[in-house]
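**Q** Sharing a structure below in structure tokens format, with a few things to ask.
What follows is calculated from the coordinates using simple rules that are stated; it is not laboratory data. Given the structure is predicted, the values throughout are model-derived calculations rather than measurements. Quick reminder, even Gly has a Cβ in these numbers, built from the backbone with ideal geometry, and neighbours come from all protein chains shown.
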Amino acid sequence: MNYEILYEGAFPLLKVQLEQGETVKAESGAMVSMTPNIDLTGTVDGGIMRGLGRMLSGEKFFFQELKSARGRGEVTLAPSTIGGIQAVELDGSYTLCVQKDGFLAATSGIEVATKMQNLSRGILSGEGFFIIEIRGKGTVFLSSYGAIHAINLSHGEEVVVDNGHLVAWPSYMNYTIEKASKGWISTFTSGEVAVCRFRGEGVVLIQTRNPRGFGEWVKGFIPGR
């Protein structure tokens, strides 16, 4: 399967070329266009319980499955938000943890599930008690709000990331969720509240914009507030 990310920036488009019999799965509603020989179906992928788990993590219950049933075909896909698309190659040796709304599409052989966080992480993170877990061997396409930036950490190096800017990280990385400042008053007045402290070795993907921050900005223009 060949792919190309077009118009990189705020409004990217993922173009996927499929040989006969090849499939790609995507989040519900992601298909922009497809050649007539592509069969499009809705699927739960993993059963009802796994679908419910994805809903708890903020994702949609159903996936799209696009299969090139009659010769070579082409599909274009796009996320619902303004931001980037990043391809990540998985070799099956580790699981990729992804924040909600981060999954766009994947090749066959990739499994999308959910993982429940512990109580403290679920409360402090602001993202709920479930995160997305992506495993298997193949290519996964992540979407973001804003551009995607990779932070490469060597062994023992640390980075602190605002939770609203997280996109994805490998499951083998050590991380903790903590308040942004030493004191609770400073934490709330700083506007950051919860941050994630990661320790390498590994790569953390972050997004350059925070959707919650944008939402608060929009609310300022609503009459009557």
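**Q** Please arrange ILE222, ILE134, ILE82 by counting, for each residue, the other beta carbons lying within 10 Å of its beta carbon, fewest first. Present the calculation step by step, with values, prior to reporting the outcome.
**A** Working: ILE222 7, ILE134 22, ILE82 16.
Ascending Cβ contact count within 10 Å gives the list ILE222, ILE82, ILE134.
**Q** If each residue of separation counts as 0.36 nm, what is the full-extension length gain between VAL218 and ARG199 once their alpha-carbon separation is subtracted?
**A** Values: separation 19, 0.36 × 19 = 6.84 nm, distance 3.46 nm.
Value of the extension gain: 3.4 nm.
**Q** Something else now. If I model a spin label at ILE5 and THR41 as a point 7 Å from the Cα along the Cα→Cβ vector, what separation in nanometres do I get?
**A** Reported label-point gap for ILE5 and THR41 is 3.0 nm.
**Q** Moving to a separate point now. Which order do ASP101, ASP162, ASP91 fall in if you start with the one that has the fewest other Cβ atoms within 10 Å? Don't skip to the end; give the middle numbers.
**A** Working: ASP101 23, ASP162 17, ASP91 8.
Ascending number of Cβ neighbours within 10 Å: ASP91, ASP162, ASP101.
**Q** Under 19 Å from the Cα of LYS179, which lysines turn up, not counting those fewer than eight places away in the same chain?
**A** none
**Q** While we're here: In which sequence would HIS155, HIS149 go, from the one with the fewest C-beta neighbours within 10 Å to the one with the most?
**A** Details: HIS155 8, HIS149 15.
Starting with the residue having the fewest Cβ neighbours, the order is HIS155, HIS149.
**Q** Could you give me the ³J(HN,Hα) list for the stretch 208-213, computed from phi with Karplus coefficients 6.51, -1.76, 1.60 and θ = phi - 60°, whole Hz, x at Gly and Pro?
**A** 7, 10, 10, x, 5, x
**Q** Could you run the Karplus curve 6.51 cos²θ - 1.76 cosθ + 1.60 with θ = phi - 60° over the stretch 63-68 and give me ³J(HN,Hα) per residue in whole Hz, x for Gly and Pro?
**A** 10, 9, 10, 10, 10, 7
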